[in-house]
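Heads up: the structure comes next, in structure tokens.
The values are calculated or read from the model by the stated rules, or taken from the named source; none is laboratory data. Everything numeric in this text was worked out from a predicted model, so none of it was measured. No Cβ is skipped: glycine too gets one built from the backbone with ideal geometry, and neighbour counts run over all protein chains shown.
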Ligand SMILES: [Zn+2]
């Protein structure tokens, strides 16, 4: 297991307390602050739903994807988030996951790439040969479980088992193109799920809102020629993975909108970009289902991000997406974890997002 993880206390101890010691961050205080945010949100919302409002999916199995010592996309970051989600009230529906089939992976990936991932993992490689994605012996199985669980969440929403779901999965997915794993990503769970919905239900217009601090090049590439899948990305200009200078080089017929935010900018810039450009574009698109590629690395203090979002920024964005979903998509949202590499910051921002969806 990664040295960082061992330093933080190892598997046998409470990871949140251990992380508090290691990172010197008061996680318990963060949790308490979020209970206050949750109470405020709940008092502001009237419950009109006939079905449970929120489902959660998480699974300790995802911690078997071992990225090696000191890697930011660590099992520790996930374990802290999982344990925080486990601590949320029992009335929030917990959704089981499932393993994706090969044919489901091929809804967004080339067959030879799926086979390449399998062979790289089976040959004990420590990095995917297509790019900067660390792998271990369980990575193929973990990635399939993550994809399948997002599909199960999409089914649960379509079948009205629950209105919205947050899927805490790893590895992340939005940098994976049809034939190229990169940026810590193996399979593009959200892209596969969008095509899965279109195959199994009568949906036409699907939106993917990606607020990870990094541009989701994989998702954009997969849907570049698809006018019925609207890809809206808020990300930091100049950060990984390129295409960060806005959408000026893109034909207007493409349902893609890239909102590149300047390094160091915070909540005001993000919400202004949403309110003046992103939100109206999504409104005009009238999505019937909304996925969120929910990275939390735009939060202040992230080691891989240069934006300064607050937890409240994620709450505000979540509420805006929910309002659009209520208007056009019968409330249907599946939110899928992408990045977020300051463990305590990830927990704090993700809890704010989840509580806003309750
Ligand atoms: Zn990211």
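Here is how the numbers come out for the structure above:
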| quantity | calculated |
| --- | --- |
| Test: residue in region 159-167 that is assigned to a loop (DSSP other than H, G, I, E, B) and within 23 Å of residue 84 (Cβ to Cβ) | yes |
| Close pairs (6 angstrom Cβ cut-off, 6 or more residues apart or separate chains): at positive phi and touching a residue at least 24 places away in the same chain (Cβ under 8 Å) in region 299-320, away from the ligand (no atom under 11 Å from the Cβ) and part of a loop (DSSP other than H, G, I, E, B) anywhere | 301/342 |
| In region 325-358, the residues that are touching a strand residue (DSSP E or B) at 6+ places or on another chain (Cβ under 7 Å), under 26 Å from residue 175 (Cβ atoms) and more than 16 Å from the ligand (Cβ to nearest atom) | 325, 329, 332, 333, 334, 354, 357 |
| Subset of region 82-117 (residues that are over 30 Å from residue 180 (Cα atoms) and modelled with pLDDT of 95 or more) | 83, 84, 85, 86, 87, 88, 89, 92, 93, 94 |
| Among (1) surrounded by 18 or more Cβ atoms within 10 Å (Cβ to Cβ); (2) at pLDDT below 95, the one test that residue 28 misses | (1) |
| Within region 73-156, helices (runs of 4 or more DSSP H) holding 3 or more residues that are without any contact (Cβ under 8 Å) to a residue 40 or more places away in the chain and more than 26 Å from residue 342 (Cα to Cα) | 111-122 |
| Qualifying positions in region 195-242 - within 12 Å of the ligand (Cβ to nearest atom) and assigned to a loop (DSSP other than H, G, I, E, B) | 211, 212, 213, 214, 215, 216, 239, 240, 241 |
| Cβ pairs under 6 Å, 6+ apart, first in region 335-358 and at positive phi, second part of a helix (DSSP H, G or I) and within 12 Å of the ligand (Cβ to nearest atom) | 340/346 |
| Residue check, residue 264 within 21 Å of residue 166 (Cβ to Cβ) and touching a strand residue (DSSP E or B) at 6+ places or on another chain (Cβ under 8 Å) | no |
| Residue under evaluation residue 293, criteria (1) within 23 Å of residue 190 (Cα to Cα); (2) at pLDDT 95 or above; (3) surrounded by fewer than 19 Cβ atoms within 10 Å (Cβ to Cβ); (4) in contact with a helix residue (DSSP H, G or I) (Cβ under 9 Å, 6 or more places away or on another chain), criterion not met | (3) |
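Listed here are the residues, each with its yes/no results for (1) buried (at least 19 other Cβ atoms within 10 Å of the Cβ); (2) within 16 Å of the ligand (Cβ to nearest atom); (3) at pLDDT 95 or above.
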position: 252; (1), (2), (3): no, no, no
position: 278; (1), (2), (3): yes, no, yes
position: 287; (1), (2), (3): yes, no, yes
position: 298; (1), (2), (3): yes, yes, yes
position: 302; (1), (2), (3): yes, yes, yes
position: 310; (1), (2), (3): no, no, yes
position: 323; (1), (2), (3): no, no, yes
